[in-house]
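Single-structure report; data block below.
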Amino acid sequence: MENAEALSALVLSQAVRPGASFVYGAVCSIMDLRTAFASLAAPEFPLLFSVKAQMARFLQLPSYSGIGSVDSPRLDVQAGLEAMLKYLPCGVSGLNLSVSAGGLAAAQAYSLEKLVIDHDVLETCERINGESPWTTIRWRWS
């Protein structure tokens with residue numbers, strides 16, 4: 001359903017202004033049915049965004065997602081591990097833009113220290129990938 005919504009937004013934006021820039025993305029989440037809480041640390045979370053990034057690459061569109069926030073309420077090892085486990089698969093899949101870096105407690109709080117950790121994690125992902133998927137946005141319009 002989110003793919004249809006994103007593509008319909010693309011069609012509408014191009015109808016209003018042909019050639020307008022467009023970034024493909026959607027916000028997916030996994031719900032914990034016991035608590036009705038969106039679990040940003042669920043293993044399915046980065047997989048959903050990886051699929052979105054691959055779909056965007058197939059469509060030759062730049063992509064974004066909100067994978068920067070973690071479930072951990074404080075800056076600890078869990079926060080760093082969750083960040084790495086989310087950024088790495090999405091970076092390998094070709095995600096171009098990540099928002100909500102520095103987020104803690106499921107995006108209910110933000111921390112400058114976490115932002116620095118996220119930057120380090122992204123640099124590690126760049127080294128693993130051999131390029132920077134986060135800063136290289138290739139705009140392709142025909």
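Report every pair of residues separated by at least 6 positions or lying on different chains whose Cβ atoms are under 8 Å apart, first residue within the stretch 115-142 and within 23 Å of Leu75 (Cβ to Cβ) and aromatic (Phe, Trp, Tyr), second assigned to a helix (DSSP H, G or I) and at pLDDT 75 or above.
Going by the 8 Å Cβ cut-off, the qualifying pairs are Trp134/Gly91; Trp134/Leu122; Trp134/Cys125; Trp134/Glu126.
Looking at the structure I just gave you, is Gly19 small (Gly, Ala, Ser), touching a strand residue (DSSP E or B) at 6+ places or on another chain (Cβ under 7 Å) and more than 18 Å from Leu85 (Cα to Cα)?
No.
Within the stretch 29-46, take every residue that is loosely packed, with under 15 Cβ neighbours inside 10 Å and aliphatic (A, V, I, L, M) and give me the one that is farthest from Gln108 (Cα to Cα).
Within the stretch 29-46, the match that is farthest from Gln108 (Cα to Cα) is Leu33.
Just name the residue that is surrounded by the fewest Cβ atoms within 10 Å (Cβ to Cβ) out of those in the stretch 106-142 that are at pLDDT 75 or above, over 16 Å from the mean Cα position of the chain (by Cα) and not in a helix (DSSP H, G or I).
Checking each candidate, the answer is Gln108.
From the list Ser13, Ser8, which one is over 22 Å from Leu122 (Cβ atoms), loosely packed, with under 14 Cβ neighbours inside 10 Å, of a type in the set (Ser, Thr, Tyr) and at pLDDT 85 or above?
None of the other options fit; the residue is Ser8.
The values are calculated or read from the model by the stated rules, or taken from the named source; none is laboratory data. What you are looking at is a predicted structure, and each value in this text was computed from that prediction instead of being measured. Here Cβ is always computed from backbone atoms with ideal geometry, including for glycine, and neighbour counts include all displayed protein chains.
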